[in-house]
Amino acid sequence: MTAISTPATVADSTVVQGAAHRVWTVTRLHFANGFTMIALPWMIIGFVFLINMIIWISIFFSTGESLEGTEWSGATAYIYVYFAVAAVQAMNLTFRFALGMSATRRDYYFGTVVAFALQGLLFTAVATLLSYVEDWTNGYGMNAHMFSNVYFGTGPLWERLFAGFAAFMICFALGALAGSVFVRWRANGLYALGAIVVLLVVAGVAAATLTDSWATVGAWFLQVKAIGVVAWLLIPGVVAAVVGFYVLRKAPARE
């Protein structure tokens, strides 16, 4: 039998295609500034790698011993922090312009998610490849580590990809929440959000201290390892993304 398209199904298909087009337009809008979204992140990574390499070479040739402990390096954390901040800046710069291009707030948020997810996929793929380069070369012949660290780059392939991409999207979700708050309530909203985060952290530290649970907390980290910590952090990451979406839905189209 031949399927017959009714006016309703054609209309639904048109609506879906139109929404997808608007989402993709927002995604492309974020990449309009290629320096901030593409060039600068890799310049930061390259600069951090260069500084680390200079330090590694200096230590290796002055002591003649392989570098121990660099697998605990947090050098790649710079790029995660950068993209969290970039999410705030991108939303502030492009939100109202996108609405002027007939994008809805929902289109804008989903398009922003797609843009940073693409960035996360690219960064994770390159970082994972470089972690294997460090494995294959025994840390550039010095037992040095930047990408093959204990947080993202020592497990099997799926763990490296999952941990790197999940951590990236968690940072983006936090940045998107902050960006949504700033777009809606400006600086006062960020002050309030910062105060809430500080209170939550202090409350957690106080609870662990008053219940004498630090040993249990430490044992939990050792048990679940880095991959488990990242997996658990997906929960607050998803919460931040959802809250950011609903905050942005009420953001004014004009300042």
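Here, each number is a calculation from the coordinates, and none is a lab measurement. Computed from a predicted structure; not experimentally measured. Please note: Cβ atoms are built from the backbone with ideal geometry, for glycine as well, and neighbour counts cover all protein chains shown.
Multiply the residue gap between R28 and V239 by 0.36 nm, knock off their C-alpha separation, and tell me the result in nm, one decimal place.
Numbers: separation 211, 0.36 × 211 = 75.96 nm, distance 2.58 nm.
Full extension of this stretch gives 73.4 nm more.
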| Helix-derived mean residue ellipticity, 222 nm - over the chain, DSSP H n ≥ 4, -39500 (n - 2.57), to 500 | -27500 deg cm²/dmol
| request: Round to the nearest 10 and give me the degree value, 0 to 90, for the angle of helix 157-210's Cα axis relative to the longest principal axis of the chain. | output: 70
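Assign unit charges at the C-beta atoms only (+1 for Lys and Arg, -1 for Asp and Glu), then state the dipole size of the chain relative to its Cα centre in Debye, rounded to the nearest 20. Spell out each step's value before the answer.
Values: 12 positive and 10 negative charges, 265 e Å.
Value, rounded to 20: 1280 debye.
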| field | Derived scalar couplings ³J(HN,Hα) [region 218-233; Karplus, 6.51 cos²θ - 1.76 cosθ + 1.60; whole Hz; x for Gly, Pro] | value | x, 5, 5, 4, 5, 6, 7, 6, 4, 5, x, 4, 4, 4, 5, 5
| said: I'd like to know which of M101, A77, L200 lies farthest towards the positive end of the charge dipole of region 20-250, counting +1 on Cβ of Lys and Arg and -1 on Cβ of Asp and Glu. | reply: M101
| field | Distant-in-sequence amide H partners of F152 (H built 1.01 Å from N, under 5 Å) | value | none
| field | Label-point separation in nm, W42 to A231, each point 7 Å along Cα→Cβ | value | 3.3
| task | Take R160, R254, R184 and order them by how many other Cβ atoms sit within 10 Å, fewest up front. | result | R254, R184, R160
| said: Need one number for region 184-234: average projected area of the convex hull over its C-alpha atoms, nm². | reply: 4.7
| request: Rounded to the nearest Å, what's the spacing between the alpha carbon centres of region 218-255 and region 85-123? Just the number, please. | output: 18
| Tell me, what HN-Hα J-couplings in whole Hz come from the Karplus equation 6.51 cos²θ - 1.76 cosθ + 1.60 at θ = phi - 60° for each residue of region 68-73, using x for Gly and Pro? | 9, x, 6, 5, 8, 4
